[in-house]
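Remarks on the structure that follows.
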Amino acid sequence: MQNLIHIELLGNVSIYLGIGIKIISAIFLGGLIGLDREKKMKSAGIKTNILICLGATLYTSISLLNLAQFHTLNTNIDPNRVAAQIVSGIGFLGAGAILHSRGGMVLGLTTAATIWVVAAVGYTIGIGYPLIACLFTVTILIVLNLITPIYKYFEKEKDHKYYHLEILTRGPAKSSIKQVVLNEIKTIEEVYEEILNNELDERILNVKIKIHPHDIKRMIVTIKDILRVEKVNYRMIPNFVYSDDD
């Protein structure tokens, strides 16, 4: 039995086949969640989430192999302790994701929670249930992608305000900034760029958007985290009328 490992639906299979299935599952599921976070330009992207999922899978798998090895010696080994240690250990990564935020706001809570739950997916794979881990991964992706649109759908349109953003950058950052803005809202009313200093490659990107007031500060902090962004100023525009004339 020491040369076999349990995998959901397949039963007991060779250790190397079982570990291979777990590794592939961890890379795929961790990568799916990481890809979603990478698209939204979050600090914990594809590689981070894959490594978290792989790490939790590895710790769990080796602990179960260790349990099987010493089972005949009646050693008092509880594999559930592994889950407890993974949860406490992953807390350091989660805390780091929150502390990395700047601008006087508490940001990174969703990233920290994602790190925590990806470790749980890895643990589920590690104990031999990759299909259940798939179901939880789909659930996580639904939460990450559908909750905010549903919430925004019920926001009252009349509460949205027009804002003018002035973003100082060193080098081109227009596409990255637009991506951040479009993650929050569907459309950008106006966007144009001015070159301030050719030698230093300083630019001012002017952006006019319509957004709910409680979302603007969070978006500004995210923009400030973009590599080439030096400074961001914003103000509300009381009576802005959009025109598409050239």
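Listed residues G126, G91, G171, G103; which is farther than 30 Å from E202 by Cα and modelled with pLDDT under 90?
Unique residue meeting the criteria: G91.
So P149 passes all but one of these: (1) within 25 Å of T222 (Cβ to Cβ); (2) surrounded by 14 or more Cβ atoms within 10 Å (Cβ to Cβ). Which condition number does it fail?
Going through the list (1) within 25 Å of T222 (Cβ to Cβ); (2) surrounded by 14 or more Cβ atoms within 10 Å (Cβ to Cβ), P149 breaks only (2).
Please tell me if T72 is more than 24 Å from the chain's Cα centre (by Cα), β-branched (V, I, T) and either more than 30 Å from L146 (Cα to Cα) or at pLDDT 90 or above (or both).
yes
Just name the residue that is surrounded by the fewest Cβ atoms within 10 Å (Cβ to Cβ) out of those in the range 212-232 that are in a helix (DSSP H, G or I) and of a type outside the set (V, I, T).
H214
Which residues, taken from the range 1-38, are in contact with a helix residue (DSSP H, G or I) (Cβ under 6 Å, 6 or more places away or on another chain) and hydroxyl-bearing (S, T, Y)?
S25
Among the candidates I204, I209, which residue alone is of a type in the set (A, V, I, L, M), part of a strand (DSSP E or B), modelled with pLDDT of 85 or more and within 28 Å of N145 (Cβ to Cβ)?
Being of a type in the set (A, V, I, L, M), part of a strand (DSSP E or B), modelled with pLDDT of 85 or more and within 28 Å of N145 (Cβ to Cβ) holds for just one of I204, I209, which is I209.
Let's see how each residue does on (1) outside the structural domain of T111 (by TED's automatic domain parsing); (2) under 21 Å from the mean Cα position of the chain (by Cα); (3) crowded, with 16+ Cβ neighbours inside 10 Å:
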site: T137; (1), (2), (3): no, yes, yes
site: L165; (1), (2), (3): yes, no, yes
site: K174; (1), (2), (3): yes, no, yes
site: Y192; (1), (2), (3): yes, no, no
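Between a first residue in the range 82-97 that is more than 14 Å from T48 (Cα to Cα) and assigned by TED's automatic domain parsing to the domain that holds W116 and a second residue that is among the polar types (S, T, N, Q) and in a helix (DSSP H, G or I), which pairs have beta carbons less than 7 Å apart while being 6 or more apart in sequence or on different chains?
Sorted first by the residue in the range 82-97, then by its partner, the pairs are V82/T60; V82/S63.
Residues of the range 194-211 being among the acidic types (D, E) and exposed (fewer than 15 other Cβ atoms within 10 Å of the Cβ), which ones?
Across the range 194-211, the qualifying residues are E194, E199, D201.
Could you tell me which numbered condition G30 fails, if it satisfies all but one of (1) of a type outside the set (S, T, N, Q); (2) out of contact with any Cys (no Cβ under 7 Å at 6 or more places or on another chain); (3) within 25 Å of T222 (Cβ to Cβ)?
Going through (1) of a type outside the set (S, T, N, Q); (2) out of contact with any Cys (no Cβ under 7 Å at 6 or more places or on another chain); (3) within 25 Å of T222 (Cβ to Cβ) one by one, G30 breaks only (2).
The values are calculated or read from the model by the stated rules, or taken from the named source; none is laboratory data. None of the values given here were measured: they were computed from a predicted structure. Virtual Cβ from ideal backbone geometry, glycine too; neighbours counted across all protein chains shown.
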